[in-house]
Amino acid sequence: MPPTNGAIGKLDYHPGRPLLQDDDNGEHNSGRPSHGTSYAGSFFEQVAEGIVDRDRRRMRQELIRYLSFAYAIVACLCGGSITAYSLYGHLFQSRLHYSQLRVNGISIAAELGLYLPVPIFGYLCDRFGPGRPSLLAGLLFGFGYLVAAFVYRGGPPPDAGGQGWPFGVMVLAFAAVGMGTSCMYISAVTTCAKNFGRGKHKGFALAVPIACFGLSGMWQSQVGSRILYERRPDGTRGDVDVYRFFLFLGVLLLAVGIVGAFALRIVDEEEMIDEAMEELEQSGLLEDSDFFQRGYGTMNERRHSSEAEADFLRREAEERKARAQEDARKKTWLLNEETRLFLSDHTMWWLAAGFFLVTGPGEAFINNLGTIIGTLYPPATSSTQIPTSAATHVSVVAITSTIARILTGTLSDLLAPATTLHQHRQGPNSLASSLASLPAAPAATRFTVSRLPFLLLFSLLLSLGQVLLASGLVQQHGERFWIVSALVGAGYGAVFSLVPILISVIWGVENFGTNWGIVAMVPALGATVWGVVYSAVYQWAAERGAGRGGDGALEGVTMVEDVLCYGKDCYAPTFWAMAVCVWIAC
């Protein structure tokens, strides 16, 4: 019972009771203790709720980051289907009566679609995020493979004595497949680069999806050769059923692209853009920038003044809209400036030139695996008597390429010397340049190896495989062909892993999609040049009767077999020239 003399009894204090709540007698209780306690409780509750919200938001961001990384791996595991071209390329010759030049023309169309639009797809990733390019990739894959399936089922084209679809339709289909490959690859890799590019394991985070891209050709070729195959009259397993294989790839990749539109997300992009703007502001490179002096500076002042007078001049919705417009304008300007700095750096052009000289020969070897194996033995030799197959060596190339990509990505993270990130943003008047002129403090020494020696070493391994093939070591010895495939696969994979890592380290990840897309264009030219050279040498040797015992013809050879070639002369001149090309790059 409360005291009657006006004093405060111990039972008058009720922790957690709302202010001015009626007591048991119906009177308002507004004593200072409960009032103050309510204020303090409310304050600490807000602090606790803020901490919980912050932790929950951070956990959600990390979950999105790693789920996006996982799906990027899935997308790359499916998106490299074009690397299985050797599995069915030779069937275009025997079933559709295409010449070697036409078979290579299809692969060249795919290569051009794969590499030439990469800057456009990278631009889309940088400006709009990776979701839209992933959806576009699924649509391109679905269209390309479904059209190719029906063209193959239709048989030889009219100009080859058949009544099937024109040759140009197959070229169009594979150009779409190439663009779908490029779009899915760049959306997955850009997601990983931007989500993990500022951490210390950036090499590994990029190497894993790039390695999985090489693995996709391996498992898909095994599905084609071991599940989706034709049966011979005696019931044994024959060649891949190209029609069903194309249908499988079209449906699978369409689904992967659609899911990727929602699963591939970039975390903390606004923070990354703000950090890059601060670095450019401190670099001294923006002293002559009209946008930075007038546009960006004025907007900052307006933002600060608006924040001070927000309660009187603007509603919250208007502030949010203005801030979003400012961020969008700032992001667009920053990415355009990053592109300008990248293109004006002469070291980028040297890197692109070396990439062109190394990747072109590698692409040509992978695309023509099936026809190269066909030249090792006389055309009359049964496929059961040949101790190897195109599917086996697609897998060998994929496995060695994957191992090399993961190995170089991981070792380069562990052994590369500490570098100053974003050196392209350090002007002569920047703080970083001023500090660099001071005497360096003694640091603990550790064993370091730059990424460039890795790049040179694996390029030479690629050329070694080409030399072994050109020397005739594997002619009529198909069991040795794995040595060539392993060396070329390891060199090709390592180069494709190290070059994007170098670009992300030297030129940053804010504009990675566009920067890597520009450099990734050059393999299209290399693959085109060496594909044409290989086809011309192959056709010349076939017409000359290479390896036919000098009589110029084989008894019982049909018109289909007239486009086939056998002997070392079918490929040796091409691969000697390829090896020299790689040596020039080194």
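Below are the figures for this structure:
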read-out: FRET E, pair VAL74, ARG544, Förster distance 41 Å, beta-carbon r, rounded to 0.05; value: 0.30
read-out: Rounded to the nearest 10 Å², the accessible area of LYS331 at probe 1.4 Å; value: 40 Å²
read-out: Extended-chain gain in nm, criterion 0.36 nm per residue less alpha-carbon gap, ILE584 and GLN61; value: 183.7 nm
read-out: Two-site FRET efficiency, GLU270 against VAL449, from Cβ-Cβ distance with R₀ of 25 Å, rounded to 0.05; value: 0.10
read-out: Rounded accessible area of PHE128 (nearest 10 Å², 1.4 Å probe); value: 110 Å²
read-out: Solvent-accessible area, 1.4 Å probe, carbon plus sulfur percent, for segment 36-178; value: 68 percent
read-out: Solvent exposure, largest accessible area first (probe 1.4 Å, DNA, RNA and ligands not counted), of SER401, SER450; value: SER450, SER401
read-out: Kirkwood hydrodynamic radius over Cα pairs of segment 128-204, then Stokes diffusion coefficient at 10 °C and 1.306 mPa s, in µm²/s; value: 111 µm²/s
read-out: Virtual spin-label span in nm between TRP349 and GLN46, 7 Å along Cα→Cβ; value: 5.9 nm
read-out: Residues whose placed amide H lies under 5 Å from that of ASP239, excluding near-sequence neighbours; value: GLU230
read-out: Vicinal HN-Hα couplings computed from phi for segment 150-165 (Karplus, 6.51 cos²θ - 1.76 cosθ + 1.60; Hz; Gly/Pro x); value: 6, 5, 5, 5, x, x, x, x, x, 6, 10, x, x, 10, x, 6
read-out: Per-pair calculated FRET efficiency, R0 = 35 Å: ASN336 and ASP53 via Cβ, rounded to 0.05; value: 0.50
read-out: Karplus-derived HN-Hα couplings along segment 217-223 (A = 6.51, B = -1.76, C = 1.60, θ = phi - 60°), whole Hz, x at Gly and Pro; value: x, 5, 6, 5, 5, 5, 4
read-out: Solvent-accessible surface (1.4 angstrom probe) belonging to TRP540, in square angstrom, nearest 10; value: 130 Å²
read-out: In order through segment 471-482: 3J(HN,Hα) via Karplus (6.51 cos²θ - 1.76 cosθ + 1.60), integer Hz, x for Gly, Pro; value: 6, x, 4, 9, 4, 6, 9, x, 5, 8, 5, 4
read-out: By accessible area with a 1.4 Å probe, ligands and nucleic acids excluded, highest first: order of LEU228, LEU101; value: LEU101, LEU228
read-out: Residue order for GLU230, GLU337 - accessible surface, 1.4 angstrom probe, largest first; value: GLU230, GLU337
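The values are calculated or read from the model by the stated rules, or taken from the named source; none is laboratory data. Small disclaimer: the values here were computed from a predicted structure and weren't measured. Note that we place each Cβ from the backbone using ideal geometry, even for glycine, and neighbour counts take in every protein chain shown. SASA here: full protein model, heavy atoms, side chains in, ligands and nucleic acids out. Shrake-Rupley method; radii C 1.70, N 1.55, O 1.52, S 1.80 Å.
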